[in-house]
Amino acid sequence: MSTSPFSHDQIVQHARFSSEDLAEISKRRRNNNRLGFAYQLAFVRLAHRFPTEEPFEIIVELLNFVSVQLNIPVDEIAAYIERRQTIAEHRTAITLYLGLNRFGDVPTESLEQYLFQEACRLEQTGPLLMQAKRFLREANILFPADDTLRRIIITQRQAARAHIYKRLSDAVLPGLKQRLDDLLVAGSRSRTPFFVLKRPPGRPTPKAMLRLADKLKVIQETGVLDVDLDWLNNNYQRSLTRYATRCSADRLRNLQPSRRYAVLICFLRQTYRNTIDYMIDMHHKLITAVYTRAQEDIDRQAKKQRRKIRSALSSFHLLGRLL
């Protein structure tokens, strides 16, 4: 028996039997068969899959909730799980009763096409797995094992990557490819232009502002801003940008050309936007700092002037008493 992966509210909402459910359950002879059938029915509605068989997956809280509704002791489940053939027959009956399809009994082309489209905007396996399960649930298809879905996701994600890399590479003219490759070569310099572009903006100073302006100039001169990326999802662009940020110039040089150009294009476009944001923020901070210093100078001069006035008045009062 295992702890419940479902909340109490989920169990109450999805595992409460209707009059039709109770009528279907009552068709089974003996209490152990009724309890087992009802438990599998409730389990499928919650998890959109059947419980595993080896060993038979028991969720204690769910079993207790089913037992209370049927007024059948939970101990009856022990006799039920001994009958593998009965369990299989009940699964077939539940599948027909709920109008569900088993994953292996339906074509997977629609799921693969859906995951391909999703993989063109999502990189992580976790979100793609959630999207795959949402698709299957809406299509009334029972979930297979997570490993099966992950294999399909990996295949479609690789296909999506190849599609994106090829489309971006085909949009890059030879001159732009050369300029992108030049960013990864240090030449006579101590650092590659790619490394310089990755450096953080630093503290807000006039020199830092000039460095940011140089970044914008370098990116503009590559011509990468003329590449159309409207078709590529922003999440995917940011994902490729994060990958470039983690990579060294050597590692990028060793990538396949189509992938290297795709990564660099997204990195440069995102860096360009980020640099503009940094410049606006840095300009605001610099202006604020100048204003603060100017205000402090004015306050010091005002205090100094007030002290002189008080000193002069004191001298006039003294002269007045003497006269």
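The values are calculated or read from the model by the stated rules, or taken from the named source; none is laboratory data. Since we're looking at a predicted model, the values are computed, not measured. Counting neighbours? That spans all protein chains shown, and the Cβs are built from the backbone with ideal geometry, glycine included. Quick note on the areas: whole protein, heavy atoms, side chains included, nothing else; ligands and nucleic acids left out. Shrake-Rupley method; radii C 1.70, N 1.55, O 1.52, S 1.80 Å.
Computed values, structure above
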quantity: Residues within region 16-28 that are of a type in the set (A, V, I, L, M) and open to solvent by less than 40 Å² (accessible area, probe 1.4 Å), tallied; calculated: 1
quantity: Unique match (being of a type in the set (Val, Ile, Thr) and in contact with a Ser or Thr (Cβ under 7 Å, 6 or more places away or on another chain)) among ILE87, ILE153; calculated: ILE153
quantity: Cβ-Cβ under 8 Å pairs, at least 6 apart or on other chains, region 140-153 side open to solvent by 30 Å² or more (accessible area, probe 1.4 Å), far side of a type in the set (S, T, N, Q) and not in a helix (DSSP H, G or I); calculated: ASN140/ASN101
quantity: Residue list for region 161-181, filter: of a type in the set (D, E, K, R) and either under 28 Å from the mean Cα position of the chain (by Cα) or more than 15 Å from LEU225 (Cα to Cα) (or both); calculated: ARG161, LYS166, ARG167, ASP170, ASP181
quantity: Pairs where the first residue, in region 277-305, is within 17 Å of ARG203 (Cα to Cα) and the second is open to solvent by 90 Å² or more (accessible area, probe 1.4 Å) and hydroxyl-bearing (Ser, Thr, Tyr), C-beta under 9 Å, 6+ apart; calculated: none
quantity: The listed residue being under 19 Å from LEU212 (Cα atoms), out of contact with any helix residue (DSSP H, G or I) (no Cβ under 6 Å at 6 or more places or on another chain) and part of a helix (DSSP H, G or I), out of LEU313, LEU225, LEU319; calculated: LEU225
quantity: Any hit, region 267-286, residues being over 28 Å from the mean Cα position of the chain (by Cα) and aliphatic (A, V, I, L, M); calculated: yes
quantity: Some residue of region 166-188 being buried (at least 17 other Cβ atoms within 10 Å of the Cβ), more than 21 Å from ALA119 (Cβ to Cβ) and basic (Lys, Arg); calculated: yes
quantity: Residue satisfying all of: in region 229-251; under 15 Å from VAL196 (Cα atoms) and of a type in the set (A, V, I, L, M, F, W, C); farthest from the chain's Cα centre (by Cα) among these; calculated: ALA249
quantity: Failed item, numbered, when LEU46 is tested on (1) in contact with a helix residue (DSSP H, G or I) (Cβ under 7 Å, 6 or more places away or on another chain); (2) more than 18 Å from PHE143 (Cβ to Cβ); (3) surrounded by 14 or more Cβ atoms within 10 Å (Cβ to Cβ); calculated: (2)
quantity: Unmet criterion (only one of (1) more than 20 Å from GLN40 (Cβ to Cβ); (2) touching a residue at least 24 places away in the same chain (Cβ under 8 Å); (3) open to solvent by less than 70 Å² (accessible area, probe 1.4 Å)) for ALA79; calculated: (1)
quantity: Residue match in region 200-223 (condition: over 13 Å from PHE267 (Cα atoms), open to solvent by 20 Å² or more (accessible area, probe 1.4 Å) and touching an Asp or Glu at 6+ places or on another chain (Cβ under 9 Å)); calculated: yes
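Residue-wise test of (1) in contact (Cβ under 8 Å) with a residue 24 or more places away in the chain; (2) open to solvent by 50 Å² or more (accessible area, probe 1.4 Å).
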position	(1), (2)
HIS14	yes, yes
ARG30	no, yes
ARG34	yes, yes
VAL60	yes, yes
ILE87	yes, no
TYR97	yes, yes
GLY104	yes, yes
LEU115	yes, no
ARG121	yes, yes
